[in-house]
Amino acid sequence: MRLTCQKELRKSLGLVVLFIGTAMVPTVSYAQFGSLKGLAKKAKEKAQKTVGNSTESISGVTEGVSSATRGTAPWPMQSSNPVYNGKSTEKFLLGIAEESDESLVELRDQMYARFKANAKLAKAGDMNTMDENQNFTRFYYAIFNIVNCNVFNVSVSGDKIDASDAHYLITSNKGGGIGYFVMDKGGKFQFVTQKDDGAFLNGEELATAKQAAARMRKLQILTKGLNEMYQNAGEDCDRGLRMMNEYCGLYADAVEKACANNTPENIERKPRPAAGKMHAQLKAQALQVAKAEDPDVVDVIITSAAWDVKMKGLVPLLRNVYGYYVVKDAQGLMCLSRAWTEDYLGNGKYGKMRPGGVGVGSPFYIK
């Protein structure tokens, strides 16, 4: 059974997936609402009533609304790729925490009013309104993509929330595609790793988490009453967008509480990862590479038993070994998942070892 109100969701909210990537701009999906896909055809059908072999125009559907009386369209509805004060839609939404509540309420109300007026005109057969309402759709799908990773890759069944397919986009100040969750642990929201181990965020990580919570608060304003607006316009609202306002507030609340509870005592320390067969042979070289990339590295652990050779057809392209950078901060020793790479030069020879990329796991402290 799908939960649809904040009170019920608060009772069952066990796992929150965050979008807190400062450098990542999601690709906007310009999918359309189901109600818009066939709207042009339906508008023509609704604009006429068939009476025997004749047709009768519908009168009064616009209720005094006309293209001339609507004024200027709000900026997101003026183009399929709108720009606001030199910012694209995505940049505007990523920086929305800096916008005032009043300006967002004003923009939202203008867009809702314009959409409803356009819907009335479309039902009366005015096809010139279609582009604007499709631009409205694109804008709200851009919002959808901004919050998608922490809101919509979550399914609710009974009192369980499943986020197993969600993305992990909090980036560490050590770089890389690592991630964290927020989880209700023992009645207290706190940051955890992808393995649900208690974590501690500091510096850029914590600042970015706070920024994400502020962004979601603003997005909640911009999406307030979206479903009711669609109903008033006589259209159907996409399920994901329909629930966006409720989820934004819930997730902002969870992140804010996790920030308040963010203390070193939450750290769950793991045993030091076991070294693989390649560790002794490559450690000195791998440590030199690691220190050149990150001066905070104090050690490395190579967990590979052999080189992982990547082929291009029948010819080697490169080879990797995998393991961890070990860095030290005020909380102790932390492992960061990393790879080391050597490019194939031909004639059975490989080039100088270089940093080979970042693993997908969250960082973790060791005992």
Hits in the stretch 334-367 - residues which are on the phi > 0 side of the Ramachandran plot and either open to solvent by less than 50 Å² (accessible area, probe 1.4 Å) or not polar (S, T, N, Q) (or both):
Gly346, Gly348, Gly357
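Name every residue in the stretch 296-309 that is open to solvent by 20 Å² or more (accessible area, probe 1.4 Å) and more than 31 Å from the chain's Cα centre (by Cα), in order of residue number.
The initial filter retains those residues of the stretch 296-309 that are open to solvent by 20 Å² or more (accessible area, probe 1.4 Å), namely 296, 298-299, 303, 305-309.
The answer is Val298, Asp299, Thr303, Ala305, Ala306, Trp307, Asp308, Val309.
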Within the stretch 251-273, can one find any residue that is of a type in the set (A, V, I, L, M) and more than 32 Å from the chain's Cα centre (by Cα)?
no
Among (1) surrounded by fewer than 15 Cβ atoms within 10 Å (Cβ to Cβ); (2) within 17 Å of Gly351 (Cβ to Cβ), the one test that Ala274 misses:
(2)
Return a yes/no flag: does the stretch 328-350 have any residue that is farther than 30 Å from Arg215 by Cα and touching a Pro at 6+ places or on another chain (Cβ under 6 Å).
yes
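Just the residues that are out of contact with any Asp or Glu (no Cβ under 9 Å at 6 or more places or on another chain) and open to solvent by less than 50 Å² (accessible area, probe 1.4 Å), please, taken from the stretch 80-89. Spell out the reasoning first.
Keep residues of the stretch 80-89 that are out of contact with any Asp or Glu (no Cβ under 9 Å at 6 or more places or on another chain), which gives 81-89.
Those that are out of contact with any Asp or Glu (no Cβ under 9 Å at 6 or more places or on another chain) and open to solvent by less than 50 Å² (accessible area, probe 1.4 Å): Pro82, Ser88, Thr89.
I'm checking my understanding of the structure. Among residues of the stretch 184-213 that are outside any loop (DSSP other than H, G, I, E, B) and open to solvent by 50 Å² or more (accessible area, probe 1.4 Å), which one is farthest from Glu98 (Cα to Cα)?
Checked the stretch 184-213; the qualifying residue farthest from Glu98 (Cα to Cα) is Lys185.
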Filtering the stretch 89-109 down to residues that are more than 19 Å from Ala252 (Cβ to Cβ) and touching a helix residue (DSSP H, G or I) at 6+ places or on another chain (Cβ under 9 Å) yields Thr89, Glu90, Leu107
Neighbours by Cβ (under 9 Å, 6+ apart or cross-chain): first from the stretch 347-366, more than 19 Å from Arg269 (Cβ to Cβ) and without any contact (Cβ under 8 Å) to a residue 24 or more places away in the chain; second open to solvent by 50 Å² or more (accessible area, probe 1.4 Å) and in a strand (DSSP E or B):
Gly351/Asp343; Gly351/Tyr344; Gly351/Leu345; Lys352/Asp343
Of the residues Tyr325, Tyr344, which single one is outside any loop (DSSP other than H, G, I, E, B), under 18 Å from Glu205 (Cβ atoms) and in contact with a Leu (Cβ under 7 Å, 6 or more places away or on another chain)?
Tyr325
How many of the residues in the stretch 300-314 are modelled with pLDDT under 95 and either closer than 18 Å to Thr193 by Cβ or part of a strand (DSSP E or B) (or both)?
1
Close pairs from the stretch 254-267: first of a type in the set (D, E, K, R), partner part of a loop (DSSP other than H, G, I, E, B) and modelled with pLDDT under 90, Cβ under 9 Å, at least 6 apart:
Glu265/Phe200
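Return the residues of the stretch 312-337 that are closer than 21 Å to Lys349 by Cβ and touching a strand residue (DSSP E or B) at 6+ places or on another chain (Cβ under 6 Å); say none if nothing qualifies.
Kept after step one, since they are closer than 21 Å to Lys349 by Cβ, are these residues of the stretch 312-337: 312-321.
Those that are closer than 21 Å to Lys349 by Cβ and touching a strand residue (DSSP E or B) at 6+ places or on another chain (Cβ under 6 Å): Pro316, Leu317, Leu318, Arg319, Asn320, Val321.
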Before we move on, is Ala207 under 30 Å from Val326 (Cβ atoms), at pLDDT 85 or above and not hydroxyl-bearing (Ser, Thr, Tyr)?
no
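The values are calculated or read from the model by the stated rules, or taken from the named source; none is laboratory data. Since we're looking at a predicted model, the values are computed, not measured. All Cβ positions, glycine included, derive from the backbone under ideal geometry; neighbour counts span all protein chains shown. For the accessible areas, the whole protein counts, side chains as well, though only heavy atoms, and no ligand, DNA or RNA atoms are used. Shrake-Rupley method; radii C 1.70, N 1.55, O 1.52, S 1.80 Å.
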